[in-house]
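Only one structure is covered here, and it is reproduced in the block below.
What follows is calculated from the coordinates using simple rules that are stated; it is not laboratory data. Keep in mind that this is a model prediction, so the values were computed, not measured. Counting neighbours? That spans all protein chains shown, and the Cβs are built from the backbone with ideal geometry, glycine included.
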C-alpha cells in the first residue's frame, strides 16, 4: 500500500501515461512516405520495418477492402471457412455448377489472398479442368480466359511472388500453343468469339483483360515471363519458390522460340528469319549469360566463353574440369544446346526455303492440284504442280541436311521429310501410278519404317477437308 | 439442376403420419399413466384421468380472442427483443454484395444464378438465427422473470399460450420475410446487368420418365457411365442403336405453345410443342473442326410404338431376345416360330433357362397381355387372352421354382404345361399375325438434328419447337399404313373408280386431299393401273378392291417390299401427321433421343429433357421459394417453442439447432445409411476399425464373440437412428424451391410446395398438443 492520496495517484497515472506515449508513438505511428524515392521515415519504427521487409499488406500487392472486410466479419474463423469453401468448390465442380464454383473460388481468395498455392491451383483448375468439361470450343476458351484472369488477379494481390507471373505466361503459352484446341485458341486470342468484343461489324477484337494490345499469344506470354524475371530480380533472393531457377528464367527466350516455330507452321515466312533471330539472340545472350546457382551453390552460366568458364571456376573455388562438368550437366538438363542448334538451323535461309517449299506444296495439294495435268503444248500427261513442289522440297531437305547434318537427325526434321514423302506417295496413288524405285528421300523413308503409321496419321489429319479436282 | 424431382404422394405421407402420430400418442399417454402410477400409487389413476380430462377440456374450449391477444403480445415482445435488427444486417449485406457478385464480364446465365442464389440464401440464413433464438428463449425467459405467471393467472389455457406464441413469432418472421423478399426482388432487378435481365424468368417444365436402349437396341434402366464420378447423368453412345427414351404424360392442347422462330424477315409464328434439353456432351475423340465449333449433334424422334410397349419387357434375358426382337419389329410370323422354339426348349431342356429367364418371360407375357387389353380392340382379344393364359401358367411354374429355391424341395415344376401354353400362344400369334401387324402400328417421326449447347440454360440451340402439323419422309411401314388408310376411306366413298377404270381425278385428289407430291401421286396411280391390268386389283360394285381379298395394308406392304413404290421425289414420301392426334396416345408422348456423332456420347438425366410450357414471371417462382422458406422458419418456431415448454433456453436452443442441422445437412446421409446405400460398417465397428488402423474390406481384428457383440450393438444404434430419422424433419425439402429458382425454373407446386406444407402441418399438430400438455403439467419455475 502506498501513502499517496487519490489526487497524487491520479497524477502519477497521468505522468505514466504520458511517458508511455513516447515509445508507443515511436513504434506504432504510421510511417511518413517520401514521394521521391518511396522510402519512409519519421516516426513509426514498426511501420518502417514493415515496409523495409515487405511485410505490410500494401507492400504485398493491391489491397482489396472486401477481403479485409470478409476476414474481419469471420471473427478469426477464416481457416475453417476457407476449408469449407474448398470442399464446396470441389462439390460444385463435380456437379457442374459453374456459377457457384466461380463465386466460391472468388470467396476463397478473398479469405486467403496471399496463399500462393490457391491462386496457382485454381487458376490451373479453371483453365484446364473446368474448360475441358465444356464441349464447344468458344465455351472452353471462355474458361481458359477465366483461369488466366484469375491468375492475373493473383499477381495484382501478390506482386512480390514471381512464380505467379510465370504461371500466367505458362498458361497462355501452353493453352494457346500446345492444347488440342490450339488452332482455335490462337485465333480467339486475337479475335475473341464473344460478340461484346466486336470492334466493328464483322470484325472481332481481343479480350483486353488478357490481351490488351491484340498481340500473338506467345508474345503476350513473353511479356509475362519478362515481368516474372523482373520480379525475380527484385526480390533479392537467389532462386524462386516453386520452380527450378534455371527453368524459370528461360521463359522469355523460350516463348520467342515457340513464337518463331508457330509462325513457321502457320506459313508466315516473311517474318521467319527475324523471329528466329530474335529467339536465338534471347536464348544465347539473355538466357545464356544469366548466372545460376548449381549444386552446392556453385555459380555457372549456360553459354560461357572459355575465359568466363575459368573465371567462374576461380570464383567457385573449384577446378576448371569440375566447372566444365557442372556446366555440361546443366546444359544437358535444360537442353540448351539443342535449342541453340535448332534456332541456328532455322535462322538459315536454306531451312526457310525448305519450309516454304513444303508449305506451298501442301497448299497446292489441299487445293486439289495433286492430279496429273495435260500439257496443252505436247498433249502429254505431266506431273501435277503439287508433285513438282514436293520433289523440290525433297531436294531442299537434302541441301539443308548437308549444312546442318546433326540437327537434321532430330525427329522434327526427319518427320518433316517423312511427311514430304507421304504426300508425294499419296499423289502417286491418287494418280494410279506406281511409286518409283528411286527418289531423293528413299533411304530415309526406308530407315524409318517404324514411323510410317504415325506419318500416315499426321497426313490424314492434315488433309481432312482437301478439295478434290 | 443437379437433382431429380421426387414425386410426392400426399396420401401415403398422410397415412405414415397418422400411424406415427398414433403410435407416439399411445406411447405418451401410456408413459404418463405409468409415471402417474409410479409417483402416486393407487391415486395415480384418478390423478391421471383428471389431468387427461382437464387437458381435453382445454383442447375443446380454445378461445380465438385469447389466442389473438397472446399473439399480439408475442408480436410486441419480439419487436421489443430487437428481432427487426435483422433488417439492418440485410441492408448492409445487399449494399456490399456488389463487391462480391457483379462481374460484367461474366456470362448472363451465370450472373442470374449467382444473384438469385445469394439473395435467397441471405434471406433464409439471416432470419434463421433470429427465429431460433426467439422461439427457444421466449418462454423460458418469461418463466424466469415470472411474466408468464401474470398470463397464466388469467383464464388463458396453456394451449392458448403455446398457440399464441407460435402464431406471434410466425407472424413476425413472415413479416420480416415479406419485407426482405420485396426489397430483394427490387435489388435483383436493379443489380443485374442489362444483358442478364432477360434471363430472369421462370421456365415451366413438364418432366417425363426416362429409360434407355443400349448400343444393341435392348432396353436398359440406365445408360453408360463414361467415368464421371458424379453419377447423376448416364450416357448414350453416338452413331449406334443406343437411345434415351422419354415418356411424357398428360400431353394435350394445353401443352401447345405459340412461338416466333427466326428474326427479322425470316421470323415466323409456329404453334407446337416446345422441347428444351440440357444434355451433356462427352467426346472420346476431338472430332471434326465443324463439330468442335458447333458441338455434338443430337436428334429427336417422336414415336408411337405400341409394339415396343407391349413386347419390350420380353427382352429381359438372352434366351428371350429372339422372340422379343421379332415381335418388337412387327415380324409376328417370325416371332411365332421363335416362340415355338422356346417352347420346345422349355419342354425338352428346361434347365438351360435360368429362373430369372422364366421370371422375365412371365413378366413380359403379363405386360403384353395388359397392354393389348388396354388397346381395347376386339380383334386382339383372342391373342390377348392367350398371352394372359401363358402368363398364368408361368406364374404357377415360378411359384414352384421359388418354393424349391427357398425350402430346398425338389418338386417338379410344370414345364410341360408352360411349354404347351407357349405353343398355344405361338399358334395364336401366327393366326393373328396380320391383325397384330395392322393393330399395332409403329409411327416414327424423326426431327431435324441439332447441335447441343452444353451448360447454357435456355439457349436457343437447346430449344426445339415441334410443330403441331409434322411433315416428314415416311418409312415403309408408315407409308403402307398411310396409303391403306386413304384407300380404305376413298374406296368406301367410291372416289377411286370411274366406270371400269381407276378414276382420272385420282392424281389430283392425292395431291390436294392427301398432300402427296405430284411425282409420287403419278407413280402411285401408274402402279395401281398396272396392278389392275395384272389382275391383282379388281373393280366390283363400283369399288376398287384387292382381288384376293387381302386388306389394303397388306397390299401396299407387298408393293413396297417389291420396291414398286420407290419415291420419285428426292425428299421421299412426305406425309403429314398431327402431333396430338397421331403421335400422342392416351396423353403419352414418346421422345427418343439419339447422338449422331461417332465416338461421342450424350449424357442425360430425367430432368434434362422437358416440355416447356409458357414461361411464368420470375416473381412467381421467387414467391413460391419464399413460401418454402417461410414454412421452414415456422417449423423451427414450432419446434423451438415446443422444446422450450419443458427445458430451459440454452437446452432448447441446442436441441432445436441439432434438429435443424441434422435435418438440413445430414438427413439424406441418414436415409442412405439406413437403406444400406451408404458403404461402410456401423458406428462401433467403424470406431474399432479406426483404432486398429484397418479398413472395412479387411475387417476388425477381434474375436468372433466381440464382433457379434459389436454388430448387435450397432444394430441397436441403427434402430435408434431409424426412430430418430422418423422424427427429425427433412429440412432440405424447404430448399428445393430455391434450387429451382436459381436454375431458372418455376417451383412445381405438387412436388415442392405441397411437401413443405405437409411437413410443416405434420409437425404443427402434434407439437402444439405436446407443448400444451407439457406447459400445463409442469411447474412454472426456472430451476
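The table below lists the values:
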item: Debye log10 I(q)/I(0) at q = 0.11 Å⁻¹ for chain B, Cα point scatterers; result: -1.31
item: The range B:338-441, Rg to Rh (Cα coordinates; Rh as Kirkwood inverse mean 1/r); result: 1.02
item: Residue exposure sequence - A:243, B:604 - by fewest surrounding Cβ within 10 Å; result: A:243, B:604
item: Order of B:450, A:141, B:311, B:777 under a 10 Å beta carbon neighbour criterion, fewest first; result: B:777, B:450, A:141, B:311
item: Nearest 10 degrees, 0 to 90: helix B:10-40 Cα axis against chain B principal axis; result: 30
item: Cα pair distances exceeding 29 angstrom across chain A, given as percent; result: 65
item: Projected label distance in nm at residue B:568 and residue B:80, using a 7 Å step from Cα toward the beta-carbon; result: 9.6
item: Whether the range A:203-267 is rounded, prolate or oblate, judged on the alpha carbon gyration tensor where a/c under 1.5 counts as rounded; result: oblate
item: Sequence-separation-based contact order of chain A, relative, with Cα cut under 8 Å and 6+ spacing, percent; result: 7
item: If the convex hull is drawn through the Cα atoms of the range A:103-187, its volume per residue in Å³; result: 79
item: R0 of 41 Å, Cβ-Cβ distance residue B:26-residue B:144: FRET efficiency to nearest 0.05; result: 0.75
item: Residues of the range B:357-401 with amide N under 20 Å of a point placed 7 Å along Cα→Cβ from residue B:209; result: B:360-376
item: Förster-model FRET efficiency, 56 Å R0, residue A:91 and residue B:505, C-beta, rounded to 0.05; result: 0.20
item: Cα long-axis angle, helix A:411-430 against chain A (0 to 90 degrees, to the nearest 10); result: 40
item: Cα-based equivalent ellipsoid of the range B:557-649: semi-axis lengths in Å, sorted from largest, via gyration tensor; result: 59, 18, 14
item: Nearest-0.05 FRET efficiency for residue A:430 and residue B:585, computed from C-beta distance (R0 45 Å); result: 0.25
item: Anisotropy class of the range B:393-457 from Cα gyration tensor, a/c 1.5 cut; result: oblate
item: Simple spin-label estimate for residue B:576 and residue A:377 in nanometres, 7 Å along Cα-Cβ; result: 6.6
item: For the range A:109-251: relative contact order, % (alpha-carbon pairs under 8 angstrom, 6 or more apart); result: 22
item: Orientation-averaged projected area, Cα convex hull of the range B:25-84 (nm²); result: 6.4
item: Simple spin-label estimate for residue B:781 and residue A:187 in nanometres, 7 Å along Cα-Cβ; result: 8.7
item: Three principal axis lengths of the protein assembly as shown [C-alpha, angstrom, descending]; result: 139, 112, 74
item: Volume per residue that the Cα convex hull of the range A:350-469 spans, once the total is divided by residue count, Å³; result: 113
item: Of every Cα-Cα pair in the range A:103-146, the percent that sits beyond 15 Å; result: 44
item: Rounded to 10°, Cα long-axis angle of helix B:355-374 versus longest principal axis of chain B; result: 80
item: Cα coordinate range in the range B:215-355, projected on the principal axes (Å, largest first); result: 72, 40, 26
item: Fewest-first ranking of B:274, A:120, using other Cβ atoms within 10 Å as the exposure measure; result: A:120, B:274
item: Percentage relative contact order, chain B, counting C-alpha pairs under 8 Å, at least six apart; result: 23
item: Mean-position separation - Cα centroids, the range B:579-657 and the range A:68-144, in angstrom; result: 27
item: Between the range B:691-706 and the range B:20-56, the Cα center-to-center distance that results, in Å; result: 47
item: The range B:271-290-the range A:215-257 distance, computed between alpha-carbon centres (Å); result: 41
item: The range B:418-545, Cα convex hull volume normalised per residue, Å³; result: 200
item: Tensor-based shape of the range B:647-783 (alpha-carbon gyration tensor, a/c under 1.5 rounded, otherwise prolate or oblate); result: oblate
